[in-house]
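Below is one structure, written out as structure tokens; comments come after it.
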Amino acid sequence: MVNLAALGDAILAGERAALARAITLAESRRADHREQAQVLLSRLLPHTGKAIRVGITGVPGVGKSTTIDALGSYLTSQGHKVAVLAVDPSSTRSGGSILGDKTRMAQLAVDPNAYIRPSPSSGTLGGVAAKTRETMLLCEAAGFDVILVETVGVGQSETAVADLTDFFLVLMLPNAGDELQGIKKGIIELADMLAVNKADGEGATAARAAAAQYKAALHILAPTSPLWSTPVVTISGLTGAGLDALWAKIEEHRNRFEAKGLIAEKRRRQDVKWIWAMVQDRLQAKLRHDPALKARTPKLEAAVAAGEMAPTAAADEIARALGL
């Protein structure tokens, strides 16, 4: 049995081993571990909520990990404690995770004021690990004042990161024409800032041109708030150029919205959404672990695949078994 009081005290003291143990507990699918994690989170909740939470997404190849490594290192040099929650793609066959972020974030991996926690998405909607929110709260309790959440990539479901964070940063590539065609409009509408990466060397000119095109494109979209018009900046995750200006914009957003009480209001709305995310998670857990359902669902799937049963009838049977 875990000594939750001692574990909580160790987390508040900033002990990294205790933080890692608590996150592992929160990520566990075992019912007893989940109960222990909830008790621990309840104890630590008064010590959370003070960090700046930034979600970072972008198409594969845009340089998310390189940029986060450089940005995190800049922030620790300014006196911040930075936690990076990097959600890795899971294997659709095994559910395993590539977990390569620690190798891609070489500076932060050895920085005493940074903490990187890779975790598999395990098919979770939004590319955000099921327990990312709990992990974020645990990191805040351990004294980290900046939380960077890196998602798998840009897609319809990756917008879930916007429901976890205060600020949503979308990284873009310099080839604006292709990007404007391929990027999801919904992602752009949720973005608090666009940053054109790889603005270094020969790519600098292309990045500036792309930024101008993105700015023009944003004019046709209504701003998400009268307090904020989505800025477009150029950066280089490779050289660190522009990261100071990028962070200054994030702080400006924080100060404006916090002064009006809008950060707290947004987090309350996110907490309501969290309820339903947890309900969905528990329904899926019951489907995975209930003996009768585990035995019956493969037969239903086979019957539907063979054309012997309508999908609606199979869904109705599963719903009845769940008591719905």
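Using only Cα atoms, tell me the angle between helix 311-321 and the longest principal axis of the chain; keep it within 0 to 90° and round to the nearest 10.
70 degrees
May I ask you to give the solvent-accessible area per residue for the stretch 200-262, in square angstrom, as obtained with a 1.4 angstrom probe? Walk me through the numbers on the way to the answer.
Values: 3490 Å² over 63 residues.
Ligands and nucleic acids excluded, the result is 55 Å² per residue.
Please go through the stretch 46-91 and write out the trypsin sites (Lys or Arg not before Pro) that DSSP classes as loop and that have at most 13 other C-beta atoms within 10 Å.
On the way: sites: 50, 53, 64, 81; in loops: 50, 81.
Of the trypsin sites (Lys or Arg not before Pro), the ones in loops of the stretch 46-91 whose Cβ has at most 13 other Cβ atoms within 10 Å are 50.
Between 0 and 90 degrees, rounded to the nearest ten: what's the tilt of helix 291-305 against the longest Cα principal axis of the chain?
70 degrees
Pulled fully out, how much extra length does the chain show between residue 265 and residue 12, if you take 0.36 nm times their separation in residues and subtract their Cα-Cα distance?
Numbers: separation 253, 0.36 × 253 = 91.08 nm, distance 2.59 nm.
Extra length from residue 265 to residue 12 when fully extended: 88.5 nm.
Cross-chain or 8 or more residues apart, Cα under 28 Å: how many lysine pairs in the stretch 198-280 fit that? Count them up, please.
Taking the stretch 198-280 as the scope, the lysine pair count is 9.
Between residue 215 and residue 302, what is 0.36 nm times their sequence separation minus the Cα-Cα distance? Round to one decimal in nm. Intermediate values should be presented prior to the final figure.
Values: separation 87, 0.36 × 87 = 31.32 nm, distance 5.06 nm.
My answer for the length gained is 26.3 nm.
R0 = 41 Å: FRET efficiency of residue 283 with residue 5, Cβ-based, nearest 0.05?
Numbers: r = 32 Å, r/R0 = 0.78.
That pair, residue 283 with residue 5, gives E of 0.80.
Relative to the longest principal axis of the C-alpha atoms of the chain, give the angle of the C-alpha long axis of helix 262-289, reported between 0 and 90° and rounded to the nearest 10°.
Value to nearest ten degrees: 30.
Which longest uninterrupted range of the chain lacks any GluC sites (Glu not before Pro) assigned by DSSP to a loop state (not H, G, I, E or B) and surrounded by at most 13 other Cβ atoms within 10 Å? Mind dumping the intermediate values first?
Details: sites that count: 202, 308.
My reading of the result: 1-201 is the longest stretch.
Answer with one residue from 74, 241, 280: the one whose Cα lies farthest towards the positive end of the charge dipole of the chain, charges on Cβ with Lys, Arg +1 and Asp, Glu -1.
280
Want the number for residue 251 to residue 319: 0.36 nm per residue separation, take away the alpha-carbon distance, what's left? Working shown, then result.
On the way: separation 68, 0.36 × 68 = 24.48 nm, distance 4.65 nm.
Roughly 19.8 nm would be gained on extension.
Considering only protein heavy atoms and a probe of 1.4 Å, how much of the accessible area of the stretch 180-303 is carbon and sulfur, as a whole percent?
Details: 4180 of 7280 Å².
Roughly 57 percent, rounded to a whole number.
Could you report the accessible area of residue 163 in Å², rounded to 10, computed with a 1.4 Å probe on the protein chains as they sit in the structure?
About 50 Å², ignoring ligands and nucleic acids.
At a Förster distance of 35 Å, what's the computed FRET efficiency of residue 78 paired with residue 290, Cβ-Cβ distance as r, to 0.05? Don't skip to the answer; put the middle values down first.
Working: r = 50 Å, r/R0 = 1.43.
Once the sixth-power term is evaluated, E becomes 0.10.
The values are calculated or read from the model by the stated rules, or taken from the named source; none is laboratory data. Not measured: the values here are computed from a predicted model. Note that we place each Cβ from the backbone using ideal geometry, even for glycine, and neighbour counts take in every protein chain shown. Note: accessible area is taken over every heavy atom of the protein model, side chains too, but ligands, DNA and RNA are not part of it. Shrake-Rupley method; radii C 1.70, N 1.55, O 1.52, S 1.80 Å.
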